[in-house]
1. Considering all projection directions equally, how large on average is the shadow of the alpha-carbon convex hull of segment 34-179, in square nanometres?
2. Which whole-number percent is the relative contact order of segment 17-151 (Cα, under 8 Å, 6+ apart)?
3. Return the calculated 222 nm mean residue ellipticity for the chain, to the nearest 500 deg cm²/dmol, obtained by summing -39500 (n - 2.57) across DSSP H runs with n ≥ 4 and dividing by the residue count.
4. Could you give the nm distance between label points at residue 41 and residue 175, where each point is 7 Å from its Cα heading toward the beta carbon?
5. Sequence neighbours fewer than 8 away in the same chain don't count; with that in mind, list the lysines whose C-alpha is under 21 Å from residue 120.
6. Determine the dipole magnitude for segment 3-148: charges of +1 sit on the beta-carbon of Lys and Arg, -1 on that of Asp and Glu, nothing else is charged, the reference point is the Cα centre, and the result goes in debye to the nearest 20.
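Read-outs throughout are calculated quantities, based only on the coordinates presented, and are distinct from any laboratory measurement. Please read all numbers here as calculations on a predicted model, not as lab measurements. Cβ placement follows ideal geometry from the backbone for every residue including glycine, while neighbour counts extend to all protein chains displayed.
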Amino acid sequence: MYSDIQEVLFSEEQIQEKIKELGEKLSNDFEGKNPLVICVLKGAFIFMADLVKQIRVPLELDFMAVSSYGQSTKSSGVVKIIKDLDVPVEGRHILIVEDIIDSGLTLSYLIDVLERRNAKTISVVALFNKPARRTVELEPDYAGYVLPDEFIVGYGLDYAEKYRNLPFVGILKPEIYTT
Ligand code: 5GP
Ligand code: MG
Ligand code: MG
């Protein structure tokens, strides 16, 4: 598995350092708000787990799964809810936790859904951001690392459902995509 990686972009330590920074900001901003923290499955599951440990205010959490890429490395533009939230969002302060924002399509769809359900406020935290690839106007309120136009795997992020369990983030050797 590790031999499929061409280059490590962010080590475990670098990722944890960034999450601590994000956690500090979020702890300040969500003080007294009892936010509902929503993990966008599956990619954000590790980020979510590490992030909430660094948010030092009372909060609740829930999970949502949406389809985006299937087995490809590009967005189909079609977003579908595979698993919905267990709790209502009406009147709640929402924090959406995303692994990465690429085209922005998934997130703009999610924000739309939560707005229609009358969330009080909606904020977004994304560990990775690829602003160059945006097709809709959308910026996360809290962002970790900015990435060039490259497809990354690891730390929850997959290629064809593999590599999610890598503790770091890297790019795959090109031959992995072509075989
Ligand atoms: P978007 O809708 O913004 O184009 O992409 C949303 C989802 O596509 C992300 O939450 C993530 O699951 C997946 N995605 C986008 N870029 C990458 C990438 O570089 N690597 C991986 N593994 N998934 C990505
Ligand atoms: Mg995602
Ligand atoms: Mg994926």
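1. Values: hull surface 34.4 nm².
With every direction weighted equally, the projected area is 8.6 nm².
2. Working: 255 pairs, mean separation 31.0, N = 135.
The value is 23 percent.
3. On the way: 4 runs with 43 residues, N = 179.
Taking each H run of at least 4 residues, the total per residue is -7000 deg cm²/dmol.
4. Between residue 41 and residue 175, the simple spin-label model gives 3.6 nm.
5. Hits, sequence-local ones excluded: 25, 33.
6. Numbers: 17 positive and 23 negative charges, 74 e Å.
About 360 debye.
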